[in-house]
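Visitor: My questions all concern the structure below.
The values are calculated or read from the model by the stated rules, or taken from the named source; none is laboratory data. Note that the coordinates shown come from a computational prediction; the quantities given were computed from them, not determined experimentally. Neighbour counts run over all protein chains shown; Cβ positions are idealised from the backbone, glycine included.
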Amino acid sequence: MRAHPIEPPPSLWVLPTADRADADGVVGVGADLEPGTLLAAYRNGLFPMPFGSRRIAWFSPDPRAIIPLDRLHVSRSLRRSVSRYEVRHDTRFAEVMVRCGDPGRPGGWITPPFVRAYNRLHQLGWASSVECYDEDGTLVGGLYGVRIEHFFAGESMFHAATDASKVALVALVEHLRSSGATLLDVQWLTPHLASLGAVAIPRRTYLGRLRNAVTVGHFEHPSSTLGW
């Protein structure tokens, strides 16, 4: 990740507010995946997913799932797995996204336009990946997401070897804690995420924490402290 992320031109769109979501968490459909639009969305509690073949839906679930940075559950077996992999950061961002978007995975939504859009965010310094490699140097797991000041939006993860994605998550949380982050968003609570310590909180609570996380850095902590 860049030490100083580059702020892109502002979005041409006015996105709806997060508290206007319907029962499925959708706040609106349309707009684009330009860097300025994506950053505006994340700063206001929204994230995108494909809607039909060409459109984009913007989500703000209630409740919202987060992983408290001091409550990640690391089992004994996961601790053993940590020593089996080499962890790297931001060396194969686009490949991690593509692997997360394997069309053979159920519910796959990471389409080529999304890969291109988030890769642009990565090049500007706003999106990052954590990768796990086996002893042969093969990429066997990883995750990616968006970092804005003290906030990280975890988007997706994959594994091709036992616990590889979980080891990437352990490395992410360690980095977030050491760099002053305060909020790790994982969108929806699933049994898998709950087993790792994720909890669901009301949207209103989430939005309050988000505001603090994405603005505090502008006043107290220079962005140069937030890179890998």
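Visitor: Hey, among the residues in the stretch 48-71 that are in a loop (DSSP other than H, G, I, E, B) and among the basic types (Lys, Arg), which one's surrounded by the most Cβ atoms within 10 Å (Cβ to Cβ)? Give the derivation first.
Guide: In the first step, residues of the stretch 48-71 are kept if they are in a loop (DSSP other than H, G, I, E, B); the result is 52-54, 60-63, 67-71.
Subset that is among the basic types (Lys, Arg): 54, 71.
Numbers: Arg54: 8, Arg71: 12.
The residue in question is Arg71.
Visitor: Could you please let me know if Leu193 is in a loop (DSSP other than H, G, I, E, B), surrounded by fewer than 22 Cβ atoms within 10 Å (Cβ to Cβ) and touching a residue at least 60 places away in the same chain (Cβ under 8 Å)? Don't jump to the end; show me each part of the working.
Guide: Working: in a loop (DSSP other than H, G, I, E, B): no; surrounded by fewer than 22 Cβ atoms within 10 Å (Cβ to Cβ): yes; touching a residue at least 60 places away in the same chain (Cβ under 8 Å): yes.
Here the answer is no, as Leu193 does not meet what is asked.
Visitor: A follow-up question, please. Please state which of the following conditions Thr91 fails to meet, knowing it meets all the rest: (1) assigned to a loop (DSSP other than H, G, I, E, B); (2) under 12 Å from the mean Cα position of the chain (by Cα).
Guide: Thr91 satisfies all of (1) assigned to a loop (DSSP other than H, G, I, E, B); (2) under 12 Å from the mean Cα position of the chain (by Cα) except (2).
Visitor: Further question on the same structure: Of the residues Val96, Val130, Val74, which single one is among the hydrophobic types (A, V, I, L, M, F, W, C) and part of a helix (DSSP H, G or I)?
Guide: Only one candidate qualifies: Val96.
Visitor: Could you tell me which numbered condition Leu172 fails, if it satisfies all but one of (1) over 21 Å from Val130 (Cα atoms); (2) modelled with pLDDT of 95 or more?
Guide: Failed condition: (1).
Visitor: Would you be able to tell me the number of residues in the stretch 1-47 that are among the hydrophobic types (A, V, I, L, M, F, W, C), within 19 Å of Gly145 (Cβ to Cβ), over 17 Å from the mean Cα position of the chain (by Cα) and assigned to a loop (DSSP other than H, G, I, E, B)? Quick ask: steps written out before the conclusion?
Guide: Taking the stretch 1-47 and keeping what is among the hydrophobic types (A, V, I, L, M, F, W, C), we get 1, 3, 6, 12-15, 18, 21, 23, 26-27, 29, 31, 33, 38-41, 46-47.
Filter again for within 19 Å of Gly145 (Cβ to Cβ), leaving 1, 3, 6, 18, 33, 38-41, 46-47.
Those left that are additionally over 17 Å from the mean Cα position of the chain (by Cα): 3, 6, 18.
Within this subset, residues satisfying the condition of being assigned to a loop (DSSP other than H, G, I, E, B) are 3, 6.
Of the residues in that region, 2 qualify.
Visitor: Determine the pairs where a residue that is within 29 Å of Leu210 (Cβ to Cβ) and in contact (Cβ under 8 Å) with a residue 60 or more places away in the chain, located within the stretch 65-81, has a partner that is aliphatic (A, V, I, L, M) and in a loop (DSSP other than H, G, I, E, B) with Cβ atoms under 7 Å apart, the partner being 6 or more residues away or on another chain.
Guide: Once the first residue is within 29 Å of Leu210 (Cβ to Cβ) and in contact (Cβ under 8 Å) with a residue 60 or more places away in the chain and sits in the stretch 65-81, its partners that are aliphatic (A, V, I, L, M) and in a loop (DSSP other than H, G, I, E, B) give Ala65/Leu189; Ala65/Ala198; Ile66/Ala198; Ile67/Leu196; Ile67/Ala198; Leu69/Ala181; Leu72/Leu196; His73/Leu196.
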